[in-house]
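The values are calculated or read from the model by the stated rules, or taken from the named source; none is laboratory data. Remember, predicted model here, so these are calculated numbers, not experimental data. Here the Cβ positions follow ideal geometry from the backbone for every residue, glycine too, while neighbour counts run over all protein chains shown.
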Amino acid sequence: MMKTTILRATVLIGGLLCGADAFAQDAAAYDLPSNLYSEARERLAKSDYPAAEAAFRDFLAKHGTHALAGDAQYWLGEIFLEQRDYRQAAATFADAIKTYPDSLKVVDSKYKLGVSLARLDSKQEACKALKAAQADRGSEGKDRIRRGIAVERQRLGCR
């Protein structure tokens, strides 16, 4: 948030000192996908869920085809999961999997879809999602995810 405030102040001062053209360029830099994504992540890191949700939604509305869009969709699902809105979390992770199948966070989304479904007492569907996450080649090298999948599958009694 502090970085954002400083950036906005810099943009405003730059606009006042350099004229409208420089101000427009600075304002455009603030709206860069990486800046919007970073701001959303900062808000999430501070557990400011309403602001983080709004920031990720803004990012996705403006930059839904950007390389970070799948990550943004995943983090949006994490917000709902953290707030125990399991139905919305499951829908958001399912959207991430469908819309961004090549995202670096697709395996994470499959895993968290399984977790969300388990919390909704949809054991069979949760087991399917966890099996899909486990079978995904992207889970290789993600020890944390693989361990989480194994623990959740065992807890649910998945075959």
For D102, which of the numbered conditions (1) under 27 Å from L32 (Cβ atoms); (2) of a type outside the set (S, T, N, Q); (3) more than 13 Å from the chain's Cα centre (by Cα); (4) modelled with pLDDT of 95 or more fails to hold? (4)
Take the range 37-59 and flag every residue that is within 16 Å of A89 (Cβ to Cβ) and either crowded, with 18+ Cβ neighbours inside 10 Å or in contact with a strand residue (DSSP E or B) (Cβ under 9 Å, 6 or more places away or on another chain) (or both). L44, A52, E53, F56
